[in-house]
Amino acid sequence: MNFAAQFFYYTFQSDGTPWKASFSDSEECDPFWQSVEERIGGQRKNSAPLDGRGHQDGSVMNGCLARRTTPIHPERLKDFGEEEYLNGDVRTRENKVVDQLAPQLKSTPKPAKKRDSEIKAPPKPKTPPKTPPKTPPKAPPEAPPVHLRFEDISAAAFKIQSGLQKTPCTYSRLSKQYGMEIFLKKEHLHYTGSVKERGVLYLLTSLRQEQQRKGVIVATDSNFSMAVSHHAADLRIPVFVIMPAGSSPARLRIYRDYGAMVISYGSTPQHSQNHARHLAKENDYLYLEEDDSAVYMAGLGTVGMEVYEQVPRLDAVILPVGGNCSLLAGAAAALKHINPRIAVIGVELEDYPVLLQSLKNDCPVKDLYSSPNRKLYGDLVDPPLGGHAFQLAKKLVDKVVSVREEEALVAMLRFQEYERSTVDAEGAIGLAAILAGKLPELKGKRVSVVVSSANMELGVIRKCVERALVLDEQVVRFTVELGDLPGDMAKLLDILAREDVRLLSVCHRRHSDRSNLFKAQVECVVEMRDKTQSSQLRTTLSERYPSLCWLDR
């Protein structure tokens, strides 16, 4: 007989006597290349049915052929308590609870008396209450805010690096004029012209896939809404923008170019917001509005990490406060974690000092009872100050200053003159604090100014430039009385020509009162190079014309 074709193995019967069985390869022999699981767990064609206890003809137990349970010594039966060992099986008895437990529970008053005595003892109760009240009051003011961690900001920087460009942080030519090294972090070079793309992109990528398929909806004309429109379309998220009916056609065209579905509804922003919330509730859209959530602030905080990487030996960073203060709080959390010696300075408008007032009251101020020009200030006044952002700013921001509207307009003019770029009031407010002399402690230091945005309508830009030229004394207006003789107007124009002054407009009108019957009043608007030329012209005209009157700016 071939050994490979037939083999024997022994097992034992239920009474302990061995018996021999043989299997051929044509019947039930397991080939040697089969695994252990296939040899043990495989079902055989001619196998007998199993009985209730898992035995196969009294020779199979728990999946093993002809294996019998190990007998238990009678002395070890006590280990099973109320169990019995019968014919290789273990049977258990059900234990029933009788009324004897009740007196046992009642017969243990000693530990209760000891506890009462310990509580009533004078020395022991004094120590527990003293420790808890001391720790809670000290924890809130001393412990750093836990709403935003540096790990969240670094995770946001890693996640959005492929969807955003790394904006430059360049040396400014204004540094020599103001005695410090100024580096401009040009966040207005993003696709939508705003730093808020950082927070929006991280916010959209953090949404669940189910919500991304359903879509998002916004209802404000702001940098936040433009960033949502652009990045939601890039991520293939349906995005809807609800705008008032009186919105600028140019602004509506921008949203459509970004890829959003624009719907005109209502006559005020409040009507549009209410309608957007209604549509979001009915269609399961996610209504997005700018707030101080940890995800949004973590995305904005990545600008602080980039500034630290791009400017070595950095001493201070100047950021706009703006609305809900998320940019300032997020960047401060990143910078203070990396290097606590870096000073973080916030700048806000004097007409809307929401953060300064909140710091005085030690709580976020929602309404300052002021009506600033929203076309000029934009996102600096629209979003309300958030509680989490306020707590972070209170803990991490070193200084907050305010600037006037005139100083912000002059800063916008300096960007056009020296940086060849057009920014809005929010983008120029950081540089305005330096131009106005509000930060004298930064002399001789390396300072980075975050230029946050550059979104403004063309009509508003033209008005701002004209107003800034007057404030900077590059365009002046004056009136003078001339005689009614031939050549008097020519003499005035000859003086302006000799002073190398450009005449923009001239208005010649006669007075009707009798005292000036033979006099004419001339109003001139001239353009000059700088303040030095302006002061020289004032001196020359004052000596020649006593009736000279410089109109107030």
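The values are calculated or read from the model by the stated rules, or taken from the named source; none is laboratory data. Here the structure is a predicted model, which means the values were calculated and not measured. Here the Cβ is made from the backbone with ideal geometry for all residues, glycine too, and neighbour counts use every protein chain on show. What goes into the accessible areas is simple: the full protein's heavy atoms, side chains included, and nothing from ligands, DNA or RNA. Shrake-Rupley method; radii C 1.70, N 1.55, O 1.52, S 1.80 Å.
Below, the figures for the structure above:
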{"read-out": "Test: residue in segment 144-154 that is at pLDDT 50 or above, of a type in the set (Ser, Thr, Tyr), part of a helix (DSSP H, G or I) and within 15 Å of Gly199 (Cα to Cα)", "value": "yes"}
{"read-out": "Qualifying residue in segment 352-370 (condition: assigned to a loop (DSSP other than H, G, I, E, B), acidic (Asp, Glu) and closer than 23 Å to Met180 by Cβ)", "value": "no"}
{"read-out": "Where a residue in segment 264-286 is in contact (Cβ under 8 Å) with a residue 40 or more places away in the chain and its partner, wherever it lies, is in a helix (DSSP H, G or I) and open to solvent by less than 80 Å² (accessible area, probe 1.4 Å), with Cβ under 6 Å and at least six apart", "value": "Asp284/Lys214; Leu286/Gln211"}
{"read-out": "Some residue of segment 481-489 being in contact with a helix residue (DSSP H, G or I) (Cβ under 6 Å, 6 or more places away or on another chain), more than 30 Å from Leu435 (Cβ to Cβ) and open to solvent by less than 100 Å² (accessible area, probe 1.4 Å)", "value": "yes"}
{"read-out": "Residue list for segment 306-325, restricted to those being over 12 Å from the mean Cα position of the chain (by Cα), open to solvent by less than 30 Å² (accessible area, probe 1.4 Å) and over 14 Å from Leu184 (Cα atoms)", "value": "Val321, Gly322, Gly323"}
{"read-out": "Condition check for Ser547: modelled with pLDDT of 85 or more, open to solvent by less than 60 Å² (accessible area, probe 1.4 Å), small (Gly, Ala, Ser) and more than 17 Å from Leu469 (Cβ to Cβ)", "value": "yes"}
{"read-out": "Filtered residues of segment 414-436 (kept if crowded, with 24+ Cβ neighbours inside 10 Å, among the aliphatic types (A, V, I, L, M) and not in a helix (DSSP H, G or I))", "value": "Val423"}
{"read-out": "From the options Arg502, Arg498, Arg467, residue that is open to solvent by 40 Å² or more (accessible area, probe 1.4 Å), in contact with a helix residue (DSSP H, G or I) (Cβ under 7 Å, 6 or more places away or on another chain) and modelled with pLDDT of 90 or more", "value": "Arg467"}
{"read-out": "Search result, residues across segment 480-515 that are touching a residue at least 40 places away in the same chain (Cβ under 8 Å), more than 57 Å from the chain's Cα centre (by Cα) and not in a helix (DSSP H, G or I)", "value": "Glu481, Leu482"}
{"read-out": "Among residues of segment 447-464, those that are aliphatic (A, V, I, L, M) and either open to solvent by 10 Å² or more (accessible area, probe 1.4 Å) or over 50 Å from the mean Cα position of the chain (by Cα) (or both), counted", "value": "5"}
{"read-out": "Single residue of segment 347-371 satisfying the filter (more than 23 Å from Leu439 (Cβ to Cβ) and in contact with a Leu (Cβ under 8 Å, 6 or more places away or on another chain)) that is surrounded by the most Cβ atoms within 10 Å (Cβ to Cβ)", "value": "Pro364"}
{"read-out": "Selection count where residues are of a type in the set (S, T, N, Q) and either open to solvent by 70 Å² or more (accessible area, probe 1.4 Å) or modelled with pLDDT of 90 or more (or both), scope segment 506-526", "value": "2"}
{"read-out": "Residue identified as over 23 Å from Glu197 (Cα atoms), surrounded by 18 or more Cβ atoms within 10 Å (Cβ to Cβ) and either touching a residue at least 12 places away in the same chain (Cβ under 8 Å) or over 21 Å from the mean Cα position of the chain (by Cα) (or both) among Leu439, Leu380, Leu328", "value": "Leu439"}
{"read-out": "All positions within segment 402-425 that are over 23 Å from the mean Cα position of the chain (by Cα) and among the β-branched types (Val, Ile, Thr)", "value": "Val403, Val410, Thr422"}
{"read-out": "Residues that are over 19 Å from Lys375 (Cα atoms) and part of a helix (DSSP H, G or I), drawn from segment 443-479", "value": "Leu469, Val470, Leu471"}
{"read-out": "Any chance Asp116 is assigned to a helix (DSSP H, G or I), more than 30 Å from Leu380 (Cα to Cα) and either modelled with pLDDT under 50 or open to solvent by less than 90 Å² (accessible area, probe 1.4 Å) (or both)", "value": "yes"}
{"read-out": "Test: residue in segment 530-537 that is open to solvent by 50 Å² or more (accessible area, probe 1.4 Å) and either within 30 Å of Asp221 (Cβ to Cβ) or in contact with a Leu (Cβ under 6 Å, 6 or more places away or on another chain) (or both)", "value": "no"}
{"read-out": "When residues of segment 236-276 are limited to those that are within 12 Å of Met226 (Cβ to Cβ) and among the aliphatic types (A, V, I, L, M), the one surrounded by the fewest Cβ atoms within 10 Å (Cβ to Cβ)", "value": "Leu252"}
{"read-out": "Qualifying positions in segment 353-377 - of a type in the set (S, T, N, Q) and more than 21 Å from the chain's Cα centre (by Cα)", "value": "Gln357, Asn361, Ser370, Ser371, Asn373"}
{"read-out": "Filter result (part of a loop (DSSP other than H, G, I, E, B) and either under 23 Å from Ala343 (Cα atoms) or of a type outside the set (A, V, I, L, M, F, W, C) (or both)) within segment 371-408", "value": "Ser371, Pro372, Asn373, Asp382, Pro383, Pro384, Leu385, Gly386, Val397, Asp398, Arg404"}
{"read-out": "Candidates Ser175, Ser194 - the one that is free of Cβ contacts under 8 Å to residues at least 40 places away in the same chain, small (Gly, Ala, Ser) and open to solvent by less than 60 Å² (accessible area, probe 1.4 Å)", "value": "Ser175"}
